[in-house]
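These notes are about the structure you will find just below.
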Amino acid sequence: MQLSDLATVCSPNWCPGCGDLAIWGAFKSACVSEGWDSTNTALVAGIGCHGHLLNFTKLVSFEGLHGRAIPLAFGLKMSNHRLNVFVFTGDGDCLSEGGNHFIHACRRNPNLKIFIHDNAIYGLTTGQTSPTSPLGFKSKSTPEGNADFPLNPLALAIASGATFVARGYAGDIPGLSALMIKAQQHQGLAVVDILQPCVTFNKEYTHTFYRENTYQLDGSYQPTDKIAAFQKAQEWGLKSIPLGIFYAVDSPTYESRFPQIAATPLVDHSPDRPDLSGLFRKFV
Amino acid sequence: MSAPIYSLKIGGQAGQGIKSSGQLIAKVASRSGYHIHTYTEFPSLIRGGHNITQVLFSPDEIAAPLRQTDLLIALNQDTITRHLAELVSGSGLLFDADKKFRTAGAAPGVRLLPVPLAKLSGGQELLINTVAVGAALALLGGRLDTLNDLLRAEFADKGDAVIRPNLEAAAAGFDFAARNFAAQVEPRLTPLPDRPRQMIVNGAEAVALGAIAGGLQFAAIYPMSPISGILRVLAQYQAEYGYIYKQPEDEISAVNMAVGAGFAGARAMTATSGGGFCLMTEGYGLAGMTETPVVIVEGMRPGPATGLPTWSAQSDLQFILHAHQGDFPRIVLAASDIRDAFYLTRQAFNLAAKYQTPVVVIIDKDLCDDDHSYPVFDNSDFKLDRGKFTSDFNPGFARYYIESDGISTRSAPGTGNFFIANSDEHNQQGFSSEDISDVVSQQAKRLRKLDTCAQTDMPAPQLIGPPDAPLTLVSWGSNRGAVLHALRDFPDVNYLHLTWMSPFPTTAVTSQLSRARHIIDIESNATAQLAQLIAAQTGITITDHLLKFDGRPFFPDEISAKINSVLHPA
Ligand SMILES: Cc1ncc(C[n+]2csc(CCOP(=O)(O)OP(=O)(O)O)c2C)c(N)n1
Ligand code: SF4
């Protein structure tokens with residue numbers, strides 16, 4: 001497989017310099033390195049600038065509704081759990097419109113990979129405040145400054161029961177690509193919050209801001225302790241935005257709890273049930 | 001001439017085992033060879049409040065609940081106060097002789113049947129209803145050993161400590177009534193020889209069984225009255241029959257999960273009532289836009305908002321026909337009875353697969369909850385239809401290829417085929433497109449599916465009675481039973497029953513109604529929603545309506561009274 005196998009007739013229409021371009025690049029190189037193609041992989045996206053990625057990536061996919069990528073991906077995964085299922089979502093898509101789905105996916109631990117294109121802004125609707133925009137943030141919807149405290153996606157994921165929680169940065173394509181592969185290798189729900197500069201509408205969280213203020217978690221940090229991970233997830237400030245894997249533990253996947261799909265994915269079971277007399281007799 | 005229908009009603013507080021007592025009597029009747037039909041009324045409470053279950057039984061089929069009561073079993077004063085007026089000369093009133101119930105005001109000739117229920121139950125509150133069932137059975141000439149078999153089966157997993165007191169309570173009630181009311185015993189439940197065993201099912205169970213029969217592979221259903229019975233059955237048998245039932249976090253999730261499963265190639269469904277369907281509307285259109293098969297069961301109850309959670313209505317028809325922005329093809333079928341609940345649900349899975357669009361099966365609370373006798377379902381005749389589907393790899397696959405019948409060939413992830421199921425308007429591969437020719441051709445293609453469906457799969461609506469009649473009744477859904485019951489007395493009147501709401505049998509309905517001399521539209525809603533649909537589709541305006549929107553079902557006598565008022569105006 002080569003990068004060109006993933007090309008479609010559509011060229012990216014993101015703004016030049018948008019972090020989505022880098023996320024897309026990182027994902028494609030992970031596909032090439034791991035052999036993710038339309039025989040073994042399916043993509044799901046929500047609605048936002050992030051969702052456009054599907055048009056530029058030649059992998060079978062579903063672009064769902066704003067906020068609803070996660071339940072859609074869950075139905076897909078439960079029906080055919082042999083597929084790698086990647087969810088591309090936005091901070092607005094995943095944490096505002098789809099917040100309920102996000103926490104419930106975390107507590108269930110299906111083997112889904114959720115990549116949050118976190119630009120702390122609503123991009124596609126041309127620049128309103130999002131759940132990860134900081135307090136006081138000025139935007140079209142908060143001209144006097146955001147009155148809401150931001151959500152912390154990592155802390156929320158950890159608290160809700162996600163078994164793999166990481167933060168990536170769109171400015172580091174090889175690092176992000178490696179993180180995506182690790183997320184995929186994890187058995188269970190993986191959340192990767194990806195710091196994604198929106199060069200057009202978010203003038204605070206720029207490439208320069210992230211380059212100056214992020215650092216990579218190193219071997220001295222052990223991502224297996226939930227309380228420590230939760231504490232680490234609180235860290236955010238000048239020169240102190242950690243990147244890497246905050247939390248990763250083994251836990252049975254949601255799919256593994258259903259004996260009916262232990263041997264074969266649901267879609268490979270024959271739905272033809274000509275003899276149901278045993279079932280009907282229970283009602284006599 | 002049909003055999004008479006016997007109507008027994010048992011009433012008490014929630015928590016007194018009213019529904020289970022009714023079920024026991026219904027099962028005894030069924031095992032003794034009778035047709036049964038139950039009707040329950042209960043508030044949205046777990047304890048307290050007034051509960052009643054009516055059990056009708058007859059050697060012949062029973063179409064609808066009736067207002068008559070031949071035997072009233074009262075476990076509390078409230079039951080007597082509310083239902084005494086239903087008793088006429090010859091009816092019986094069975095009540096607890098140990099409690100000082102007031103029975104004053106009973107019509108002349110009503111038989112009072114005091115049984116010391118509390119004493120015979122040995123002071124055990126939970127056994128009072130069993131004593132009452134035993135006593136009723138003796139009065140109706142039923143067999144105690146049939147009841148005993150049922151009690152043993154019912155409590156099999158609880159063991160002898162529960163079974164024995166129940167058997168003793170049933171026998172105590174039975175013996176007391178047999179001894180003290182010997183002269184009043186009627187042969188109402190005397191076993192009938194050579195009767196085939198029938199199922200006892202309610203509509204929710206029939207829908208669940210129809211789904212399993214139709215090849216269900218994935219169901220996501222959030223609990224809500226009146227459809228919770230569907231998920232109870234589906235959850236119970238999933239491992240055995242190799243499908244998955246999942247309780248999601250809300251109805252938005254439910255429908256999107258089902259769409260995701262449909263995309264994967266699984267036969268998928270969800271179910272809800274009006275409030276949950278409000279939350280599903282965006283996903284409903286998503287299935288339409290992405291041409292993903294999904295079955296949605298909508299169990300109606302009175303609205304708006306929380307409305308009357310445990311009562312029935314037919315007020316969601318126009319909502320289901322119009323929910324979601326824009327235009328997309330939706331197949332909408334309304335079930336009227338147990339047969340429909342099973343066979344239409346089963347067919348819905350084929351239709352969804354064939355037309356790659358959402359199929360809604362409409363039911364209502366009464367259909368969901370009421371038990372009926374029905375011949376044992378048969379699935380051996382069913383032909384599973386996957387529609388145009390390919391799992392062959394095709395490098396040039398065009399998922400949304402423009403076809404004259406509107407139906408493009410579908411594929412699934414994992415086949416190697418590339419396509420995008422896209423919520424945005426799209427071209428033939430599924431890429432987002434705002435190009436005029438894509439926008440127009442895709443929209444038109446999707447809508448053509450409804451014409452194809454009308455031509456290939458939609459049957460003519462059922463006209464019951466003579467083709468030429470002085471009076472034509474029109475109705476839908478579970479009103480059918482009450483209409484058919486009423487029509488026993490009006491052989492000249494005919495009845496047009498509608499099941500297909502979208503696509504709509506416009507030609508057949510137009511031809512039938514344009515020759516009708518007088519039409520009465522009968523509906524359980526306040527705005528004549530079916531008549532609105534008929535007017536929109538045929539241009540025929542029905543001006544005479546019998547509308548009921550108090551949460552209760554139509555009783556046949558209400559329909560007879562309306563027919564009489566038209567045929568014999570005062
Ligand atoms: C139900 C619904 N509400 C609102 C919208 C409009 N809308 C589209 S994208 C979006 C927010 C996008 O923000 P985010 O999810 O963070 O994605 P981004 O564009 O920043 O990638 C909104 C509000 C919609 N499409 N659907
Ligand atoms: S608006 Fe922002 S998020 Fe959207 S494409 Fe432009 S830079 Fe990227």
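The values are calculated or read from the model by the stated rules, or taken from the named source; none is laboratory data. What you are looking at is a predicted structure, and each value in this text was computed from that prediction instead of being measured. We place every Cβ from the backbone using ideal geometry, glycine too, and count neighbours over all the protein chains shown. Each accessible area value is taken on the protein alone, full model and side chains, heavy atoms only, with ligands, DNA and RNA left out. Shrake-Rupley method; radii C 1.70, N 1.55, O 1.52, S 1.80 Å.
Computed extension gain for B:LEU447 through B:ARG82, at 0.36 nm per residue and net of the alpha carbon distance, reaches 126.2 nm. Each residue of segment A:49-63 was assigned a 3J(HN,Hα) from its phi angle through the Karplus curve 6.51 cos²θ - 1.76 cosθ + 1.60 (θ = phi - 60°); the sequence is 3, 3, x, 4, 3, 4, 5, 9, 10, 7, 9, 4, 7, 10, 9 Hz, with glycine and proline shown as x. Couplings for segment A:29-43, taken from phi via the Karplus curve 6.51 cos²θ - 1.76 cosθ + 1.60 with θ = phi - 60°, read 5, 5, 4, 5, 5, 9, x, 7, 9, 6, 8, 10, 9, 9, 10 Hz in order; Gly and Pro are left as x.
Rounded, prolate or oblate: which fits segment B:388-457 when a ≥ b ≥ c are the square roots of the eigenvalues of the alpha-carbon gyration tensor, with rounded for a/c under 1.5 and prolate only if a/b beats b/c? Oblate, because a/c is 1.5 or more while a/b does not exceed b/c. Name the shape class, rounded, prolate or oblate, that the alpha-carbon gyration tensor gives for chain B, where a ≥ b ≥ c are the square roots of its eigenvalues, rounded holds for a/c under 1.5, and otherwise prolate holds if a/b is larger than b/c and oblate otherwise. It is prolate, given that a/c is not under 1.5 and a/b is the larger ratio.
Amide H contacts for B:ASN422 (H built 1.01 Å from N in the peptide plane; partners 5 or more residues away or on another chain; cut-off under 5 Å): A:GLU63. Among A:GLN187, A:GLN222, A:GLN128, the residue with the largest mean-square fluctuation in a Gaussian network model of chain A, with springs joining Cα atoms closer than 10 Å, is A:GLN222. Averaged over the residues of peptide B:405-413, the number of Cβ atoms from other protein chains lying within 10 Å of each residue's Cβ is 3. Applied to segment B:333-347, the Karplus parametrisation 6.51 cos²θ - 1.76 cosθ + 1.60 on θ = phi - 60° returns per-residue 3J(HN,Hα) values of 10, 10, 7, 10, 7, 4, 4, 4, 4, 7, 6, 5, 5, 4, 5 Hz, with x for Gly and Pro. Of the chymotrypsin sites (Phe, Trp or Tyr not before Pro) found in segment A:57-100, not one falls in a DSSP loop while having at most 13 other beta-carbon atoms within 10 Å. Computed on protein heavy atoms with a 1.4 Å probe, the accessible areas place B:ILE25, A:ILE227 in the order A:ILE227, B:ILE25, largest first. Under a 5 Å amide H cut-off, with hydrogens placed 1.01 Å from N, A:TYR247 pairs with A:VAL165 among residues at least 5 apart or on other chains.
Identify the residues of segment B:37-68 with backbone N under 14 Å of a label point that sits 7 angstrom from the Cα of B:SER2 along the Cα-to-Cβ direction, or state none. Only B:37-38, B:56-68 fall inside the zone, counting backbone N under 14 Å. These residues, B:THR272, A:THR126, B:THR146, B:THR507, go from largest to smallest accessible area, 1.4 Å probe, as B:THR507, A:THR126, B:THR146, B:THR272.
Take the solvent-accessible surface of the protein heavy atoms, probe 1.4 Å, and return the percent of it on segment B:6-195 that carbon and sulfur atoms account for.
After summing per-atom areas, the C and S share lands at 53 percent.
Sparsely packed loop sites in segment B:1-90 (the trypsin sites (Lys or Arg not before Pro) outside DSSP H, G, I, E and B with at most 16 other Cβ atoms within 10 Å) comprise B:ARG47, B:ARG67. One Cα centroid belongs to segment B:112-151, the other to segment B:409-429; the line between them spans 63 Å. Placing one equal scatterer on every Cα of segment B:25-81 and applying the Debye formula, the log10 ratio I(q)/I(0) at q = 0.14, 0.23 Å⁻¹ is -0.46, -0.99. Modelled label positions at B:SER380 and A:GLN187, each set 7 Å beyond Cα in the direction of Cβ, lie 4.4 nm from each other. Backbone amide hydrogens, once placed in the peptide plane, bring A:LEU276 within less than 5 Å of B:ASN379, excluding anything fewer than 5 places away on its chain. Between B:ASP405 and B:LEU126, the modelled label-to-label distance comes to 5.8 nm, taking each label 7 Å out from Cα in the direction of the beta carbon. Classification of segment A:1-103 by its C-alpha gyration tensor yields an oblate form. The axis ratio a/c (a ≥ b ≥ c) is 1.5 or more, and b/c is at least a/b.
Compute the length gained on full extension between B:ASP160 and B:ASP489: take 0.36 nm times their separation in residues and subtract their Cα-Cα distance, giving the result in nm to one decimal.
Full extension from B:ASP160 to B:ASP489 adds 113.4 nm.
Take B:LEU567: with every protein chain present and a 1.4 Å probe, its accessible area is about 60 Å².
For chain B, excluding the exposed loop sites themselves (GluC sites (Glu not before Pro), DSSP loop, at most 14 other Cβ atoms within 10 Å), the longest remaining stretch covers B:1-402.
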